[in-house]
Amino acid sequence: MSMTYDLEYLKNLGFKDPSKFKYNGKTWSAWYHANFDKYLIQNKTDGTKSTTIATWINNIYHGQAPQPIYTTKDETAVQTTLTYNDYKSCIINEKLNETFLNSLEIESFYEVYQTHPNISTFDFSSCNERFHLNNMYGKRHILFFDTGESFYGKYKFNTQSGWLNIKGTKNLGAFFRAKKASRTLILSEGLKDGINANIAFPTADILVTDSKNIPFKFKEHNVEPKQYQKIILAVDRDVTADEQLNLLYYLNANFYKKVYPIDWKRVPTTFGNDGFSLLSFGAKASDSQITDLTDWLKSLNFTLAKYQKSGLSTLKKIITPNSFYEFYIEKRVEELNNLFEKAVTTNNINAIRRVLKTKNLLGADIEKETEFLIRYEGRAENEQIINLNQNGRLSDFSTEIINSINSNQRTLLNAPTGTGKSYLVKKIFPTKYKNIVTISPLRMVTDEMSEDSIFKNVQTIEDLNAPYISITTDVFQNLSKKFVELFKRRIEQSEITIFDEQHIYKESENFREKVVRVYEYLLYKHKGKTLFMSGTPVIPQDIELNIITAKVPESAKKVIEYSKNGFEDEKEMIEHIKNELKDGSVMLYCNSKIKVNEVNSLLIKNKINSFSMTSIETKENNNLIKDKKIKFGNYVYISTTKATTGITIPNLKGIYQYGTIFTPNTFIQLLGRLRNGGFFFYIRPKFESRREHFIKNQAIGIVKGFQKLKVVKLSNSFKEESFQKWLKNNFYLPFHQKGVEGFLNHFKEAIQVIEAKGLGQLTTEKNDFVFRGIGVINIEEVLDSVDSINFKKYIDGIMIDWINQNRVEMLNNIYNLSFKIKEVVYQKAITKMELITPIEKEQKKEKRKETNSQSKEFYKELRGKFQGCLAISTLKKNFSLGELSRLNEMDFDLEEIKKIKHPYDKVILLKSKLIDMDTILKIARDIIKRDGFCLLKDLDDELQKVYIVNGRTKTVYLKFLLDIFRDELSNSSEIEYINRKWIGKKKATNILVLK
């Protein structure tokens, strides 16, 4: 086929490389200017029908090319981007004409539209002459939204319509605030609907976007969803539910419960029809149906006065009775389920943890994620199964177990609680091995191992001479450091080394580092024969292990009856405890030492014998026991996790769990104390919270500060001027935590991590801290994995929380148990309990009242200081209590802040005043040392990681840094500021270098 068109002619029409036209049997394709379709229609030959681009190209291919219908722009014309002032200069303030008003379609709005501040006439002809823009003609009415400073971008005008779009509003939308504070926000898609809604519903605020593909931008317009009681999503009928969800993309999930979409089933299908549409929600309507908010307003046929009086209540009648929250959850969970499936196929455990976290925050079911993560830690590729006899004792298979151990260097014995692991080691192993070392993270376990046996409980170096020894991980680590060669020889003499309660190493990360070090030494470095034992093992995947799994027959398993909130109140629970103690003992688990003390006082007040055990102290009826040895009798054994593993309490009838345990493993170990079955009550405390901690940077900062100030004992250094200055410049202590005790409480998690890493130690009373890390130089490396380990523990907590409250029986199929959990439907109350004496409760109440009173005074003082500058709500949202304390103590020019228009910019200025100059210089030096120079934008990025702020730009501190390095530090002998400099082949701006 011959082609009769001219290439240059097509190029002039706006096509790019028209020689590459392709035809697929239905349509033609080519790169061409988007305006061509419009000009093709505009300049059609008289008496002919408008043609499409595909038909036009087809005609060319068949030798039927029409005459040129498009002329190129004047070659002397220059395409110019209009500035804000250029644009404003072409606005004409004159009465809007009838043609424009007719395009609004609603007669009752004419008068209001004529005086509306957001509508003006734009003179395109004048604009063309002044700025050489020959694609715009005449005077047109234009809808524009601006801040008085800019229109946010370039402008492209659609000359076909009286409603002209400004490129920039599509990314910005518009916000109309009611004259008085409003409790209703209407979300509108389309500027025309937004204007109509603004007039029809004057008591509501209106937020507009200009495309169903562009989410509503709450932050950019400083719209606070929390101030609204109801948010109405008033978008067109053809916007699907998925598209509606996309429009709400930037809305915080917490506010989805306030969002109500229009239910188009409640809207008449045509004008004047009182019937209701049978279309499903989000379905596409035909042209004859009411499709948008403007159509619906017109169909009501109200007078303007009636709109303003009752329009909003009328609108509320057509919204759905249910909020958008359920749909949001459904869609978000659907996405997360897909992510979970992908993560499972690639064994991406961190991704699965993140999915579980998000689903939990949404209140969704997390059973499959929980089951996967628990099974993953206990999975074994190859294991030797031993099916125990009806009595469930390992000793019946001792020969088989010992033969298997002797055939391998490393063995893990996975045997449920109560199957006789301790008996096997104490009574049978000594007949086969002449030298044994047993190690445990728990003092109670080593005490039990040495009781009534040939094992020596090691306390000093002399005790190592015994052929059979039992030693804690703490003593093991201390002696191995102090007597390196002697200890090494003793361990090498052992025919078998046994690490009992293997699962505890995981819980000990970031908390008891000595446990982790001993475990990892035996697992990876020890050359001798090693046996690890646990009822709930965490199986390592990076080293070969011989795994022996002993299983108890189902028929031999004792039943533990589990129930939630089984008591109406504290009195009923106390009576239940008294009755059970008549012929046995019970255990009451608490998840904190404070709760242990509160419960202990409550029991003593009710004349109940108690025996409390924590890592700090052991008490009988609140009297301290110096040797910390357990007494057995008809007691309530109150304990934290200290007593959940490895301890056997005679005649234990049941357990009361007061507060959430930390991991699923610990929960199983706690249940395992009930060797003969029994009852288990889960009681939710009134005050309990679980949150994710990120403390790596905090711990690094504390260590480096202590090193710089040469801190040895915290209480001795705390009141020194240099320490207080360092504390003030780097950390933010709330006003009620100013002393040593407050410091240790505020930075509790960070101090625990520092202690766990061997860099210091809390005193026995936990009221002071001794620092031992002055000479350590690789702090970042030592603390590298802190936050990732804390995240795992946080997820473990979420899992056991969910299991306790939803599906506790699922553990029967996941763990290798010697008992069976049976959930009993015995829930008397859903209220949370507080087990505390009235006196202690009143003391806590008074302490809270005192703190609240101090807070009120503090905020009153703060409100007075920042009056007319920033609202207290904005300060609370963007600053911690410690930061606010510092701001309150500082003197600065408030008039300077008042001149700033945007609240976010005011916040950034205040944040910058908190930044310590030494911190800025240190970060700058580090970047220069790494790269040879420091760009201010890179310094800004690093500062934002430490001084977090929500800004309107990426470089929130850039202006502040420019002021510092251009002016204040211009004479610095160390760092030099350079405005522009070639770096390689690129010209960089705002650079710092060392002089």
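The values are calculated or read from the model by the stated rules, or taken from the named source; none is laboratory data. All values derive from a computational prediction rather than experimental measurement. Here Cβ is always computed from backbone atoms with ideal geometry, including for glycine, and neighbour counts include all displayed protein chains. In case anyone asks, the SASA skips ligands and DNA or RNA and just uses the protein heavy atoms, side chains included. Shrake-Rupley method; radii C 1.70, N 1.55, O 1.52, S 1.80 Å.
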**Q.** From the options 509, 495, residue that is open to solvent by 70 Å² or more (accessible area, probe 1.4 Å) and either in contact (Cβ under 8 Å) with a residue 12 or more places away in the chain or hydroxyl-bearing (Ser, Thr, Tyr) (or both)
**A.** 495
Q: Taking only segment 544-557 into account, find how many residues are in a loop (DSSP other than H, G, I, E, B) and open to solvent by less than 40 Å² (accessible area, probe 1.4 Å).
A: 4
Q) (1) surrounded by fewer than 17 Cβ atoms within 10 Å (Cβ to Cβ); (2) over 27 Å from residue 543 (Cβ atoms); (3) modelled with pLDDT under 90: which one isn't true of residue 443, the others all being true? A) (1)
**Q.** Matching residues, segment 889-934, being of a type in the set (Lys, Arg) and in a loop (DSSP other than H, G, I, E, B)
**A.** 899, 901
(Q) Residues that are in contact with a strand residue (DSSP E or B) (Cβ under 7 Å, 6 or more places away or on another chain) and surrounded by 15 or more Cβ atoms within 10 Å (Cβ to Cβ): does segment 727-743 have at least one? (A) no
Q.
Testing residue 386 on (1) free of Cβ contacts under 8 Å to residues at least 60 places away in the same chain; (2) surrounded by 13 or more Cβ atoms within 10 Å (Cβ to Cβ), one condition comes back false. Which one is that?
A. (1)
Q) Here are some conditions: (1) out of contact with any Asp or Glu (no Cβ under 7 Å at 6 or more places or on another chain); (2) modelled with pLDDT of 90 or more; (3) surrounded by 12 or more Cβ atoms within 10 Å (Cβ to Cβ); (4) of a type outside the set (Gly, Ala, Ser). Residue 821 meets all but one. Which one does it not meet? A) (1)
(Q) Return the residues of segment 223-246 that are in contact with a strand residue (DSSP E or B) (Cβ under 8 Å, 6 or more places away or on another chain), under 20 Å from residue 177 (Cα atoms) and either not in a loop (DSSP other than H, G, I, E, B) or not hydroxyl-bearing (Ser, Thr, Tyr) (or both); say none if nothing qualifies. (A) 223, 225, 229, 230, 231, 232, 233, 234, 235
Q: Within segment 218-244, count every residue that is open to solvent by less than 60 Å² (accessible area, probe 1.4 Å) and within 23 Å of residue 289 (Cβ to Cβ).
A: 12
Q | Number of the exception - residue 679 against (1) under 30 Å from residue 755 (Cα atoms); (2) not in a loop (DSSP other than H, G, I, E, B) | A | (1)
Q: Go through (1) touching a Cys at 6+ places or on another chain (Cβ under 8 Å); (2) over 25 Å from residue 913 (Cα atoms) one by one and return the number of the condition residue 844 breaks.
A: (1)
Q | Only one of 203, 184, 159 that is at pLDDT 70 or above, of a type in the set (Val, Ile, Thr) and surrounded by fewer than 18 Cβ atoms within 10 Å (Cβ to Cβ) | A | 203
Q: State the number of residues belonging to segment 832-867 that are in a loop (DSSP other than H, G, I, E, B) and either without any contact (Cβ under 8 Å) to a residue 12 or more places away in the chain or open to solvent by 100 Å² or more (accessible area, probe 1.4 Å) (or both).
A: 1
Q.
Within segment 517-536, does at least one residue satisfy the condition of being of a type in the set (A, V, I, L, M), at negative phi and assigned to a loop (DSSP other than H, G, I, E, B)?
A. no
Q | Single match in 870, 884 (criterion: touching a helix residue (DSSP H, G or I) at 6+ places or on another chain (Cβ under 8 Å), under 25 Å from residue 727 (Cα atoms), surrounded by 16 or more Cβ atoms within 10 Å (Cβ to Cβ) and not basic (Lys, Arg)) | A | 884
Q. Applying the selection to segment 358-380, what residues are surrounded by fewer than 18 Cβ atoms within 10 Å (Cβ to Cβ) and either charged (D, E, K, R) or on the phi > 0 side of the Ramachandran plot (or both)?
A. 363, 365, 367, 368, 371, 375, 379
Q) How many residues are within 27 Å of residue 223 (Cβ to Cβ), of a type in the set (Lys, Arg) and at pLDDT 80 or above if we restrict to segment 902-952? A) 2
Q) For segment 696-779, list the helices (runs of 4 or more DSSP H) that sit wholly inside it and hold at least 3 residues that are closer than 30 Å to residue 618 by Cβ; which are they? A) 740-746, 748-756
Q: Mind listing whichever residues of segment 885-922 are farther than 15 Å from residue 958 by Cα, among the basic types (Lys, Arg) and in contact (Cβ under 8 Å) with a residue 24 or more places away in the chain?
A: 886, 898
Q) Which of the residues belonging to segment 333-384 are of a type in the set (Lys, Arg) and closer than 30 Å to residue 545 by Cα? A) 342, 353, 354, 368, 375, 379
Q. For segment 624-638, how many residues meet the condition of being open to solvent by 100 Å² or more (accessible area, probe 1.4 Å) and under 20 Å from residue 577 (Cβ atoms)?
A. 1
Q | Boolean, residue 342 is free of Cβ contacts under 8 Å to residues at least 60 places away in the same chain, open to solvent by 50 Å² or more (accessible area, probe 1.4 Å) and under 16 Å from residue 814 (Cβ atoms) | A | no
